[in-house]
Amino acid sequence: MFKKSLISTLVVAGAASLGHAQAADLTISCGAVGAELQLCQQGVRAWEEQTGHSVDVVSTPNSSTERLSLYQQILSANSTDIDIMQIDVVWPGLLANHLLDLREVLGDDAGEGHFSAIIENNTIDGRLVAMPWFTDAGVLYYRADLLEQYGHEAPETWEELTEIAREIQNAEREAGNDRMHGFVFQGRAYEGLTCNALEWVASHGGGTIVDADGEVTIGNSEAAAALDLAASWIGDISPSGVLNYTEEEARGVFQGGNAVFMRNWPYAWALAQSEGSEVRGKVGVTQLPHSGEGSSAATLGGWNLAVSRYSENAELAAELVAFLAGEQEQKRRAIEGAYNPTLESLYQDDEVLAAVPFFGELYDTFVNAVARPSAPTGDAYGRVSNAFFSATHDVLSGNKSGEEAVSDLDRELTRLKRRNW
Ligand code: GLC
């Protein structure tokens, strides 16, 4: 049966589900990377206590790319198995037809107080298909202790990062710390590489793959130079294993004390600073570097909660979504897990700023984050991103030069555009 085959790929993660002899009132799929699952479970439990309803929490693959294909299978089969899904900021256009308009249940002011760009992003053909759960932007983590020891400031350009990373890595290795690496990031061929590579390209002045009007722009020399520079890191300041790293592998290396720099999302802050972390108290966070004429670029990420149109309990599901996206939960997740609020007022909250100082210091980075081209490419976004991360991975692996890769990709996307957007 359908239910068995798909549900077996999901992990029933909720302690809440144990002990319910009967089916729960709702099933939510949330949590993957870092502390997301735990924070989701805690929020769900608080709602259960408040309302008396029962909810199963199921988790899904860590990789955003794998998660998307699983959700597409579930939704295109009109399955009633999952009422609420955690959806990526780049998915509303891809999934909108399968999702409930939350304004129907939560009212026209459902999005009030949230960053308007995210509400706009989640509104497809006038329908609010998801509520913002948290926002994300790429940041640069560095070992403040090592930079100080070797007499460096945090780098402003990619060239500076490369040099500082190499110097400290090699000196540390000579001092017997032979597992030290200069820079770790997300280099596996998946959505996370699209996010990293968009930052490299945009911060070299090479654009955003496809521009806001839907024109393919990737075939340019700045984009080629950005990919070539990244390829030069492999085997120098970055381990070749980085070609298979997602967020969590990169965090593992950095948190274990074995990297000078890391590109990651804000969630890694709370874990790096947690008890038992090798780097607790030694970490700085700043904006990502740039090169040449470009300026620092952070890819906009983030996750939203959506209700499936096939839910048999859609109204109740929307109420749980409103609770989980509400102020109390956003504040708790910001303080405990460094998940960026989408409610503007929480960026002035003293407790939030004390727990995560860079939410204040890097506020501009968060509000000016660069969107992946999901809006202009609509339901072709998945293919656009796949083409971009595959081309990037080819360059990182040494199979193509930056120039070859961006000109092939330009042709491929131009062909795709003719048929799709
Ligand atoms: C983070 C971001 C998400 C992005 C993913 C890629 O989870 O919030 O938007 O797609 O990383 O790995």
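The values are calculated or read from the model by the stated rules, or taken from the named source; none is laboratory data. For clarity, every value in this text was computed on a predicted model and none was experimentally measured. As a convention, Cβ positions derive from the backbone with ideal geometry for all residues, glycine included, and neighbour counts pool all protein chains shown. These accessible areas exclude ligands, DNA and RNA; they are computed on the full protein's heavy atoms, side chains included. Shrake-Rupley method; radii C 1.70, N 1.55, O 1.52, S 1.80 Å.
Hey, can you grab everything whose amide H is under 5 Å from the amide H of Val58? Only 5+ residues off in sequence or another chain; H modelled, so Pro and N-termini drop out.
Ala13, Ile28, Ser29, Cys30
Taking amide H positions as placed 1.01 Å from N in the peptide plane, with prolines and chain starts having none, which residues 5 or more places from Asn340, or on another chain, fall under 5 Å of its amide H?
So Asn340 has HN proximity to Thr135.
Springs between alpha-carbon pairs under 10 angstrom, Gaussian network model over the chain: which of Glu48, Glu327, Glu403 fluctuates most?
In this elastic network of the chain, the residue with the biggest mean-square fluctuation among Glu48, Glu327, Glu403 is Glu48.
Name the residues of region 201-215 whose amide N is less than 18 Å from a point 7 angstrom out from the Cα of Ser295 along the C-beta direction?
Backbone N within reach: 201-208, 212.
Straight-line reach from Lys400: which aspartates and glutamates have Cα under 17 Å away, leaving out those fewer than 8 places along the same chain?
Leaving aside aspartates and glutamates fewer than 8 places away in the same chain, those within reach of Lys400 are Glu222, Asp228, Asp408, Asp410, Glu412.
Could you go through region 405-421 in sequence order and give the Karplus-derived ³J(HN,Hα) for each residue, using 6.51 cos²θ - 1.76 cosθ + 1.60 with θ = phi - 60°, rounded to whole Hz, and x for Gly and Pro?
4, 6, 6, 4, 5, 4, 4, 4, 6, 5, 4, 4, 4, 4, 9, 10, 8
Can you tell me the accessible area per residue over region 311-374, all protein chains present, probe 1.4 angstrom, in square angstrom?
41 Å²
Report ³J(HN,Hα) in whole Hz for each residue of region 269-279, in order, from the Karplus equation J = 6.51 cos²θ - 1.76 cosθ + 1.60 where θ = phi - 60°; Gly and Pro get x.
4, 4, 6, 5, 8, 7, 4, x, 6, 5, 10
Kindly state, as a whole number, the per residue volume in cubic angstrom of the convex hull around the alpha carbon atoms of region 323-405.
160 Å³
Of all beta bridges DSSP finds with both residues in the chain, what is the antiparallel percent, to the nearest 5?
Within the chain, antiparallel bridges account for around 70 percent of the total.
Return one whole number: the accessible area per residue of region 206-310 in Å², for a 1.4 Å probe.
About 34 Å² of surface per residue is accessible.
On full extension of the chain, what length is gained from Ala77 through Asp109, given 0.36 nm per residue of separation minus the C-alpha to C-alpha distance?
Stretched fully, the Ala77-Asp109 segment lengthens by 8.4 nm.
Keeping the other protein chains in place, figure out the carbon and sulfur percent of the accessible area of the chain, with a 1.4 Å probe.
44 percent
With labels modelled as points extended 7 Å from the Cα through the Cβ direction, what inter-label distance (nm, one decimal) is found for Thr157 paired with Asp228?
So the label points at Thr157 and Asp228 sit 1.6 nm apart.
Return, in residue-number order, each cysteine of the chain whose C-beta is not under 4.7 Å from any other cysteine's C-beta.
By the Cβ distance rule, which asks for a partner under 4.7 Å, the isolated cysteines are Cys195.
Taking a 1.4 Å probe, which of Val253, Val352 shows the most accessible area, and what order do the others take after it?
On the way: Val253 25, Val352 0 Å².
My answer, sorted largest first, is Val253, Val352.
How far apart, in nm, are two points set 7 Å out from the Cα along the Cα-to-Cβ line at Gln38 and at Asp145?
Output for this residue pair reads 2.2 nm.
Most fluctuating residue of Arg372, Arg333, Arg45 in a GNM of the chain with Cα springs under 10 Å: which is it?
Arg45
How tilted is helix 381-396 with respect to the longest principal axis of the chain? Cα atoms for both, answer in degrees (0 to 90, nearest 10).
Rounded to the nearest ten degrees, it is 30.
Is region 298-349 rounded, prolate or oblate when judged by the Cα gyration tensor, a ≥ b ≥ c being the square roots of its eigenvalues, rounded requiring a/c under 1.5 and prolate requiring a/b larger than b/c?
prolate
Between Ser29, Ser203, Ser407, where does the largest GNM mean-square fluctuation fall for the chain, given springs only between Cα atoms within less than 10 Å?
The residue with the greatest mean-square fluctuation here is Ser407.
Evaluate the chain: find the radius of gyration of its Cα atoms, find its Kirkwood radius, and give the ratio Rg to Rh.
Taking Rh as the inverse mean 1/r over Cα pairs, Rg/Rh reads 0.97.
Return one number: the angle in degrees, 0 to 90 and rounded to the nearest 10, between the long axis of the Cα atoms of helix 36-51 and the longest principal axis of the Cα atoms of the chain.
In the chain, helix 36-51 runs at an angle near 20 degrees to the longest axis.
Could you check the spin-label model distance between Arg280 and Arg415? Points 7 Å from the Cα along Cα→Cβ, value in nm.
5.4 nm
Compute the relative contact order of region 81-230 as a whole-number percentage, counting only Cα pairs closer than 8 Å that sit 6 or more residues apart in sequence.
Relative contact order of region 81-230: 12 percent.
Go from 0 up to the bin containing the longest alpha carbon distance in region 83-166, width 5 Å each, and give me the % of pairs per bin.
Binned Cα distances yield the sequence 3, 12, 20, 14, 8, 5, 7, 9, 10, 8, 4, 0.
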